[in-house]
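Student: Below is the structure I would like to discuss, written out as structure tokens.
Quick note: the coordinates plus some simple rules give every number you see, no bench work behind them. Because the structure is predicted, anything quoted here is derived from the model rather than measured. Please note: Cβ atoms are built from the backbone with ideal geometry, for glycine as well, and neighbour counts cover all protein chains shown.
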Amino acid sequence: MRMKTFTIIWIFIFLILGFEYLSLNYKPSLSLLLFLQQKNIIHHEFRITPEPGRPLSLWLGWLGLSLMVLMNVYSMRKRFTSLHKWGRLSHWLNFHVFCGLLGPTLILFHCNLKVRGIVAISFWSMVISFSSGIIGRYFYVQLLKAKVELENEFEKKITTLKNYLTKKNIITSEDEINQQITNALVFVGGPTKQVQNSEIDINPFIALIKSTIGDIKLFYSKPAVPNTWPPSTTLLITDIAIHKRRALFLEPFQSLMGYWHTLHFPFAIFMYVAAFIHVVAALVFGI
């Protein structure tokens with residue numbers, strides 16, 4: 001499943017829970033759960049209240065914790081060769097990020113939007129963990145293909161662009177095409193031509209900032225092309241520029257991936273330890 005679909009599902013669940021908890025806390029007459037209970041669809045022994053420790057809170061807590069545990073299937077799929085036939089790794093990564101979004105969301109409502117004590121430690125560790133996980137997914141996308149593969153696709157896309165211009169009877173020089181690609185590369189956050197031709201290593205954090213800004217710009221506009229070129233060539237030029245940027249930034253993003261893992265892993269471990277302590281304390285002492 002695509003990340004966009006997972007994101008829509010998460011937003012939908014978040015909005016429903018947000019509305020329900022605001023209703024239960026401030027305007028019970030608007031609560032759908034209380035309405036269903038009045039219609040005897042939900043048993044009256046199931047006390048519907050947003051207070052922590054009550055059935056609704058406990059169900060959300062166990063479900064949130066289950067999702068946080070389930071997200072580790074991605075790590076197992078990545079590390080154990082016997083599981084490599086279980087679907088594409090990119091799809092498992094999307095599921096991993098989805099669980100990292102939905103799990104803390106359910107835990108937040110489990111606490112009735114009041115994060116305190118040992119739960120606060122676990123919750124904020126979750127927030128840092130899933131936030132860094134989203135950043136890690138961005139790094140993963142940039143590193144999805146090897147540099148040679150990216151360069152080969154880059155050349156194929158340039159050939160496709162040239163054939164398309166020829167088919168449209170548009171006469172242009174090699175230099176003009178290269179100049180348009182360079183302009184598009186700078187637009188999407190790639191290094192300038194001077195940097196490309198120099199022997200200076202690209203700073204990983206500068207590469208991240210430029211790449212992120214470039215991707216944000218692409219949400220609102222696309223690189224310009226000559227007026228004599230068909231508007232459809234804008235997409236071709238953009239695709240070429242993104243592939244070239246990924247090839248040029250491959251090594252900086254590999255360094256960033258290493259830094260990211262150093263940050264992400266300890267917070268993930270700390271999150272599970274704090275959650276375990278909270279669960280044991282709740283079961284043993286009833287708090």
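Student: Can you sort ARG88, ARG77 from fewest to most other Cβ atoms within 10 Å of each residue's own Cβ?
Tutor: ARG88, ARG77
Student: What distance in nm separates the two pseudo spin-label positions at ILE206 and ILE277, each 7 Å out from Cα along the beta-carbon direction?
Tutor: In this crude spin-label approximation the distance works out to 4.3 nm.
Student: Also, I was wondering about something else. Given points 7 Å out from each Cα along the Cα-Cβ axis, report the ASN72 to ASN25 separation in nanometres with one decimal.
Tutor: 3.1 nm
Student: So if R0 is 41 Å, what FRET efficiency would TYR220 and LEU58 give, r being the distance between their Cβ atoms, rounded to the nearest 0.05?
Tutor: Working: r = 45 Å, r/R0 = 1.09.
Plugging the Cβ-Cβ distance into 1/(1 + (r/R0)^6) gives 0.35.
Student: In bins 10 Å wide, starting from 0, what share of all Cα pairs of the range 147-253 does each bin hold, as a percent?
Tutor: All Cα pairs, binned at 10 Å, distribute as 14, 48, 30, 7, 0 percent.
Student: Give, in nm to one decimal, the length gained when the segment between ILE170 and MET257 is fully stretched (0.36 nm per residue of separation minus the Cα-Cα distance). Kindly include the intermediate steps, with their values, before the conclusion.
Tutor: Working: separation 87, 0.36 × 87 = 31.32 nm, distance 4.27 nm.
That pair, ILE170 and MET257, stretches by 27.0 nm at full extension.
Student: Can you compute 3J(HN,Hα) from phi for each residue in the range 51-62, using the Karplus curve 6.51 cos²θ - 1.76 cosθ + 1.60 with θ = phi - 60°, rounded to whole Hz and x for Gly and Pro?
Tutor: Each residue's phi maps through the Karplus curve to give 5, x, x, 8, x, 4, 4, 5, 4, 5, x, 5 Hz.
Student: Let me ask another. Working out 0.36 nm times the residue gap between LEU36 and LEU235, then minus their Cα-Cα distance, what length gain in nm do you get to one decimal?
Tutor: Separation in residues times 0.36 nm, less the Cα-Cα distance, equals 66.6 nm.
Student: While we're here: For the residues THR212, THR105, THR262, THR49, what sequence is obtained by ranking on other C-beta atoms within 10 Å, fewest first?
Tutor: Fewest-to-most ranking of THR212, THR105, THR262, THR49: THR262, THR212, THR49, THR105.
Student: Another question, if that's okay. Calculate the FRET efficiency for GLU155 and ILE8 from the Cβ-Cβ distance with a Förster distance of 41 Å, rounded to the nearest 0.05.
Tutor: That pair, GLU155 with ILE8, gives E of 0.70.
Student: Same structure, new question: So, in nm, how far is label PHE46 from label ASN178 when the simple model puts each one 7 Å beyond its Cα toward the Cβ?
Tutor: 6.9 nm
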